[in-house]
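This report refers to the structure that appears directly beneath it.
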Amino acid sequence: MKPIKIAILSLTHGHSRKYFQTLKENPNFEWVAVSAETEKIKNVFLKGNYGIPCYTNEQEMFDKHPEIEAVVMASANNKHLDQFKTCTQRHINILCMKVPTFDMDEYAQMIEMVEESGIVCQIELELHYNPVMARIKQLVSSNELGKISSINATNITLSPVWAFPWQNDAEASYGKQVQLRPGDNRFRGGALADHPHVFDMIRCLTNSEFEYLYAEAGQNIRKDIQVEDNLLVSGKMKNGIRFLFDPSWSRLEERLEIPGPGWEIYPKRMEVNVSISGEKGVLLADCFGPNVYHNGAPNDRYTVQYTYFDEWIGMMDEFVDCIRNRKIPKINLKWHRETVEAMNACYESIASESVVYL
């Protein structure tokens, strides 16, 4: 199969660095260019010696590389609509980060542009390709647990705002400044906006949609950021399954401008844990273990060496397959819209301090 000629846009998302390795090592891709939003970001990238041309002008990159077939859209959420317009006009396939937009009118525009252009648009929700999650799906679908009554899940991480400041900017993250709730000095666009995975996975596991949910935001652990950093969400799916989610930034971090060893303080960078209760038994799973930890450089803090399977392999292989064989990705814009609507409902619940029905 002919490799996909691919570029990365912006380099401001926390997952950007993961693609440096993926695009270099995956033979299904030919990595041809990168666009960086600032000289500072460009210089950080160039220090990696990847041998890939880097531009601070996105249009210049596209003009100089008309061979680009696909992009990884690794930008702030409020940049996505303009980048969708550029890519669909040029018939360039898109792998978009976790939230295309929170504005549902913009979301509808994106769907229309993608359908009219005929490109492939896949949403980056790598947890679908995690082998632990694949095993959970298998056990649930084969009725090993019997009728499911409830699902509890955590998607807790450290905060990326020090290395990726747009995630502390309500306009860049949520699309506009919306007060978290009356009398609160925080805005929408923090930990919840960073963690769509649990909302997406329960839809996949239960083959159902949200009936209602209730969300509460606690006081921030980090007093100097303007968005929320911890919350809980509970509710019920239309098929009766109850859920409780923790999508918080409740793991602590060193405030590094460039992520690296020693970023996490205790006990680790992230925890995606799932508990499923059924009439035949209970399943407990850690989707990001085992890991290796040591107390060391550079700041005598816990350092993590990940040893789990690389979800990006399966996700990127699907992206290639969809482009070359004109398939619709599993996590496409229309599928993902229900997840984004549920996240918006969480914010509405926090603001109103009441249950929100979808």
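Report the paramagnetic label zone for GLU60: residues of segment 21-44 whose backbone N is under 17 Å from a point 7 Å from Cα along the Cα-to-Cβ axis.
Zone members listed by number: 33-44.
Between ARG90 and ILE221, what is the FRET efficiency for a Förster distance of 41 Å, r being their Cβ-Cβ separation, to the nearest 0.05? List each step's numbers first, then the result.
Details: r = 43 Å, r/R0 = 1.04.
The calculated FRET efficiency here is 0.45.
Give me the compactness ratio for segment 111-205, meaning the Cα radius of gyration over 2.2 N^0.38 Å. Write down the numbers at each step before the final one.
Details: Rg = 17.7 Å, N = 95, 2.2 N^0.38 = 12.4 Å.
Relative to the rule-of-thumb radius for its length, segment 111-205 sits at 1.42.
Give the Rg (one decimal place) followed by the Dmax (whole number) of segment 154-221, computed from C-alpha coordinates and expressed in Å.
Here Rg and the maximum Cα pair distance are 13.7, 38 Å.
List the relative contact order of the chain as a percent without decimals, with contacts defined as Cα pairs under 8 Å and 6+ residues apart. Each step should come with its number before you reach the end.
Working: 744 pairs, mean separation 63.5, N = 358.
18 percent.
Based on the alpha-carbon gyration tensor of segment 111-164, what equivalent-ellipsoid semi-axes (square roots of 5 times the eigenvalues) come out, in whole Å, largest first?
Working: eigenvalues 179, 102, 23 Å².
Its equivalent ellipsoid spans semi-axes of 30, 23, 11 Å.
So if I restrict to the alpha-carbon atoms in segment 47-126, what is the Rg, and what is Dmax, the biggest pairwise distance, in Å?
Rg, Dmax (Cα atoms, Å): 13.1, 41.
When the Kirkwood radius is taken over all Cα pairs of segment 1-156, what Stokes-Einstein diffusion coefficient follows at 4 °C and 1.567 mPa s, in µm²/s?
Details: Rh = 17.3 Å.
Answer from the Stokes-Einstein relation: 75 µm²/s.
Points 7 angstrom from Cα along the Cβ direction at SER150 and LYS280: gap in nanometres?
Distance between the two pseudo-spin positions: 2.1 nm.
Please express the Cα-Cα pair-distance distribution P(r) of the chain as a list of whole percents, one per 10 Å bin, running from 0 to the bin with the greatest distance.
5, 24, 34, 27, 9, 1
Can you give the Rg and Dmax of segment 143-280 based on its C-alpha atoms, in angstrom?
Cα-based Rg and Dmax for segment 143-280 come out at 16.4, 48 Å.
Order 260-271, 313-324 from most to least packed using the mean count of other Cβ atoms within 10 Å. Kindly include the intermediate steps, with their values, before the conclusion.
On the way: 260-271: 16.8, 313-324: 18.8.
Averaged packing, sorted descending, gives the order 313-324, 260-271.
May I ask you to compute the full-extension gain from SER354 to GLU25, defined as 0.36 nm times their residue separation minus their alpha-carbon distance, rounded to one decimal in nm? Mind showing how you got there, number by number?
Details: separation 329, 0.36 × 329 = 118.44 nm, distance 4.82 nm.
Answer, rounded to one decimal: 113.6 nm.
For LYS238 and GLU67, compute 0.36 nm times the residue count separating them, minus their Cα-Cα distance, and round to one decimal in nm. It would help to have the intermediate numbers written out before the result.
On the way: separation 171, 0.36 × 171 = 61.56 nm, distance 4.58 nm.
Extra length available between LYS238 and GLU67 comes to 57.0 nm.
Could you tell me the calculated FRET efficiency between ASP82 and LYS40, based on Cβ-Cβ distance and R0 = 22 angstrom, to the nearest 0.05? Could you put the intermediate results ahead of the total?
On the way: r = 21 Å, r/R0 = 0.97.
Taking R0 as 22 Å, the efficiency between ASP82 and LYS40 is 0.55.
Since every read-out is calculated from the coordinates, none of them should be taken as a lab result. Everything numeric here is computed off the predicted structure, so don't read it as measured data. Every residue, glycine as well, gets a Cβ built from its backbone with ideal geometry; the counts of neighbours run over all protein chains shown.
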